[in-house]
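Visitor: Below: one structure in structure tokens.
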Amino acid sequence: MSDEALIVLENVNKWFGPLHVLDDVNMSVARGEVVVVIGPSGSGKSTLCRAINRLEPISSGTITFDGKPLPEEGKSLARLRSEVGMVFQSFNLFAHKTILQNVMLGPVKVRKEKPVEVRERAMALLDRVGIGNQAEKFPAQLSGGQQQRVAIARALAMQPKAMLFDEPTSALDPEMVGEVLDVMTSLAREGMTMVVVTHEMGFARHAANRVVFMADGQLVEEAPPTEFFANPKSDRAKDFLSKIL
Ligand code: ADP
Ligand code: MG
């Protein structure tokens, strides 16, 4: 991890009508840092993730990525989306394309890379997430845990500078959670900059450099995991932890 910030949010506000969903959020993520975002349902965690790759425009404040303000539209927005990989609860793989085609699609269609070169990289990524032998299958032939690992490989195929994960294991059967968290943990160890919304406190403890606790759109408290779990400062964090641990 370096001191240099890759993602910086300054005084970020987001309203959905009267609802203040992000309330003056200030946060910075260093290169190579792994930040786990936790908090009750409806606290704004998904909106925060979506704001970072501009799936959701913010109402006020600034977000910079890699030293530049987030672009509004056009080519630079497409570039941003490829530099910030996103993995959701639902895997959203293309059902009528093979696993390999799913992983190759972004680099070939969006970045106009040569299929032969992308294919090699895609296969290496599928091997890395433990799916190399399933490359010619279709998504429905894979388990949820395998599909989510494909979704991670697909995001990595764009060679992103950061990865955002929004509750990547919440839709999985319990026995498949570990295999996805293992892939995320190794990614973290390899130095990927990551923002991870999750209820998996084991992952937060072992893989995060920092835990950020959100409630009612506010970034209430942040600390290294050992410190946060041993000694949460705010009543809201204490209350939240008492319910989930
Ligand atoms: P979390 O991910 O922490 O559960 P979200 O960021 O999804 O929270 O949502 C924060 C709040 O914003 C919730 O009250 C939610 O209902 C509301 N919200 C999210 N998306 C929209 C939207 N597109 N339109 C209106 N309200 C929304
Ligand atoms: Mg959410």
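Visitor: Tally up the residues in segment 44-99 that are under 24 Å from residue 180 (Cα atoms), more than 16 Å from ligand 2 (Cβ to nearest atom), of a type in the set (A, V, I, L, M) and surrounded by 15 or more Cβ atoms within 10 Å (Cβ to Cβ), please.
Guide: Going through segment 44-99 one residue at a time, the tally reaches 3.
Visitor: Ok, one more. Here's a check for you: in segment 25-42, which residue that is within 10 Å of ligand 2 (Cβ to nearest atom) and closer than 18 Å to residue 168 by Cβ is most open to solvent (accessible area, probe 1.4 Å)?
Guide: Filtering first and then ranking leaves 41.
Visitor: Conditions: (1) closer than 30 Å to residue 131 by Cβ; (2) within 16 Å of ligand 2 (Cβ to nearest atom); (3) touching a strand residue (DSSP E or B) at 6+ places or on another chain (Cβ under 7 Å). Residue 22 meets all but one. Number of the miss?
Guide: The failed condition is (1).
Visitor: Follow-up question, since we're still on this one. Yes or no: segment 100-116 includes at least one residue that is within 16 Å of ligand 2 (Cβ to nearest atom), closer than 30 Å to residue 28 by Cα and touching a residue at least 40 places away in the same chain (Cβ under 8 Å).
Guide: No, the conditions are met nowhere in segment 100-116.
Visitor: Then there's this: Within segment 9-46, how many residues are more than 14 Å from residue 212 (Cβ to Cβ) and β-branched (Val, Ile, Thr)?
Guide: 1
Visitor: For segment 156-168, how many residues are over 22 Å from residue 28 (Cβ atoms) and either open to solvent by 10 Å² or more (accessible area, probe 1.4 Å) or away from ligand 2 (no atom under 13 Å from the Cβ) (or both)?
Guide: 5
Visitor: Name the residues in segment 26-60 that are near ligand 1 (Cβ under 8 Å from one of its atoms) and either touching a Ser or Thr at 6+ places or on another chain (Cβ under 9 Å) or among the aliphatic types (A, V, I, L, M) (or both), would you?
Guide: 48, 56 - these are the residues of segment 26-60 that are near ligand 1 (Cβ under 8 Å from one of its atoms) and either touching a Ser or Thr at 6+ places or on another chain (Cβ under 9 Å) or among the aliphatic types (A, V, I, L, M) (or both).
The values are calculated or read from the model by the stated rules, or taken from the named source; none is laboratory data. Being a predicted model, the structure only gives us computed values, none of them experimental. Positions of Cβ are generated from backbone atoms using ideal geometry, with glycine treated the same way; all protein chains shown enter the neighbour counts. Surface accessibility is based on the protein's heavy atoms, side chains included, excluding ligands, DNA and RNA. Shrake-Rupley method; radii C 1.70, N 1.55, O 1.52, S 1.80 Å.
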